[in-house]
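Shown next, in structure tokens, is the structure this report addresses.
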Amino acid sequence: MIVSRILQSHSLDGQGSWPPGAGWPKLKVVSLYVDQKHEKDIGDRLAAEHGVPIVPSIEQALTLGGKSLAVDGVLLIGEHGKYPLSDTGQIMYPRRRFFEETAAVFRKVGRSVPVFSDKHLAANWADAKWMYDTARELRVPLMAGSSLPGLWRHPAVEMKQGARATEAVALSYGPLEGYGFHGLEALQCLVERRRGGETGVAAVQFMQGPEVWEEMKKGRFSQEILQAAVDARENKARFKKPFIEQVKNPAAYFIEYRDGFKATMIHDAKDGHNEWIVAWREEGRKDLPATAFWTQEARPFGHFAFLLQGVEQMIYTGKPTWPAERTLLTTGVLAAAFQSRLQGGLRLETPHLAVSYEPTFTWKEPAAPMTGRPLSGK
């Protein structure tokens with residue numbers, strides 16, 4: 001999805017364009033550290049084909065065995081493999097360990113380079129905040145997050161910068177943590193543009209089951225905005241029942257922002273909904289904007305091209321393309337939701353999530369995706 005694009009072009013067959021464009025030279029992978037190898041792992045083959053050494057430690061990957069940095073940027077992809085679960089049921093991917101070992105090299109050599117950490121920063125707030133604070137201390141240009149904020153939207157809409165938005169409802173699906181994070185990033189990349197910028201989250205609550213729909217009927221979140229999100233689904237034809245009848249066991253992430261804005265993410269893990277969608281309400285606007293975040297579920301998984309282009313821009317300019325604070329906040333919201341779930345769905349106040357920032361990324365509609373190929377294709 002990511003490293004292969006640098007080695008094999010965006011088409012994953014060596015025939016497409018290589019990022020980034022913009023007059024910069026082609027990015028080169030000079031070393032790989034692999035923490036675990038699956039029986040179907042393609043890393044060894046690709047590394048051999050492209051002359052990339054696979055080394056036994058992160059330090060060697062960054063220095064190529066020397067005493068100084070031998071790289072201009074670092075990709076940390078702590079997303080796959082067999083790792084234990086935390087007490088909240090989250091997968092303890094080695095994201096902090098990867099960053100900790102990277103930071104240790106930066107300290108040792110007295111120099112830092114840009115770092116991208118895939119998906120959420122960590123499975124808990126303490127590790128995520130430590131990573132963020134350490135990056136600031138070492139002046140590491142840092143980015144993280146999901147591929148969703150940069151990909152195609154149907155329809156192609158963006159929240160206006162400075163919009164007087166009051167509420168949003170997002171739809172998500174799949175695994176509660178891994179895909180729920182994508183839903184939160186899709187939501188946040190829109191709502192961070194509201195008037196006043198982002199000021200953080202005051203409280204989070206997780207709820208699952210039919211009581212979610214009872215909360216909606218009580219006015220906890222807007223059924224009208226929910227319906228706008230449902231109406232934006234691409235796969236309308238396959239569903240014969242109304243959404244609240246189809247999704248019988250929804251999970252809900254209730255998010256109360258510090259400035260009074262509120263958001264609800266409805267997550268379906270098993271009843272057939274399979275899209276990421278966000279709808280919202282703005283003062284002075286009669287319609288309810290809504291957009292579906294479209295991913296290419298076929299090779300070459302074109303949505304990852306925009307993620308990598310943003311990462312490459314940071315490597316070449318030394319400035320993050322989008323704020324790490326966005327993913328720091330979504331990581332904290334996700335961790336708080338899982339804590340709420342562990343505690344039986346308690347509403348948890350989150351003073352530690354007073355994460356303030358101004359959005360630095362404005363979405364532009366990408367070019368049409370290249371033709372998809374079967375997942376098993378070369």
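The values are calculated or read from the model by the stated rules, or taken from the named source; none is laboratory data. Since the model is a prediction, treat every value here as computed from it, not as a measurement. Here the Cβ positions follow ideal geometry from the backbone for every residue, glycine too, while neighbour counts run over all protein chains shown.
Numbers at a glance
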{"quantity": "Single residue of region 122-164 satisfying the filter (acidic (D, E) and in a helix (DSSP H, G or I)) that is surrounded by the most Cβ atoms within 10 Å (Cβ to Cβ)", "calculated": "D127"}
{"quantity": "Candidate set from region 80-97 (those that are in contact (Cβ under 8 Å) with a residue 60 or more places away in the chain and not small (G, A, S)); member that is surrounded by the fewest Cβ atoms within 10 Å (Cβ to Cβ)", "calculated": "D87"}
{"quantity": "Residue check, P366 at pLDDT 95 or above, over 19 Å from G180 (Cα atoms) and not assigned by TED's automatic domain parsing to the domain that holds I77", "calculated": "no"}
{"quantity": "One residue from E49, E59 being among the acidic types (D, E), over 27 Å from Y83 (Cα atoms) and out of contact with any Cys (no Cβ under 6 Å at 6 or more places or on another chain)", "calculated": "E49"}
{"quantity": "Residue match in region 210-223 (condition: on the phi < 0 side of the Ramachandran plot, hydroxyl-bearing (S, T, Y), over 21 Å from the mean Cα position of the chain (by Cα) and modelled with pLDDT of 95 or more)", "calculated": "yes"}
{"quantity": "Residue selected from region 279-291 under the condition assigned to a strand (DSSP E or B) and at pLDDT 95 or above, by the criterion surrounded by the fewest Cβ atoms within 10 Å (Cβ to Cβ)", "calculated": "R281"}
{"quantity": "Count - residues of region 171-206 that are more than 24 Å from S356 (Cβ to Cβ), assigned to a strand (DSSP E or B) and of a type in the set (A, V, I, L, M)", "calculated": "1"}
{"quantity": "Count - residues of region 218-261 that are basic (K, R) and exposed (fewer than 15 other Cβ atoms within 10 Å of the Cβ)", "calculated": "6"}
{"quantity": "Lone qualifier among I255, I277 - being under 24 Å from W130 (Cα atoms) and touching a residue at least 60 places away in the same chain (Cβ under 8 Å)", "calculated": "I255"}
{"quantity": "Yes/no for F304 being more than 21 Å from A168 (Cβ to Cβ), surrounded by fewer than 19 Cβ atoms within 10 Å (Cβ to Cβ), of a type in the set (A, V, I, L, M, F, W, C) and in contact with a helix residue (DSSP H, G or I) (Cβ under 9 Å, 6 or more places away or on another chain)", "calculated": "no"}
{"quantity": "Residue in region 326-342 that is at pLDDT 95 or above and touching a Cys at 6+ places or on another chain (Cβ under 8 Å) present", "calculated": "yes"}
{"quantity": "Any hit, region 332-343, residues being crowded, with 21+ Cβ neighbours inside 10 Å, β-branched (V, I, T) and not in a loop (DSSP other than H, G, I, E, B)", "calculated": "yes"}
{"quantity": "Among the candidates W276, W294, W322, residue that is touching a Leu at 6+ places or on another chain (Cβ under 9 Å), crowded, with 21+ Cβ neighbours inside 10 Å and at pLDDT 95 or above", "calculated": "W276"}
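Each row is one residue, and each column tells you yes or no for (1) at pLDDT below 95; (2) closer than 25 Å to A305 by Cα.
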position	(1), (2)
H10	yes, yes
E39	yes, no
P53	no, yes
S57	no, no
Q90	no, no
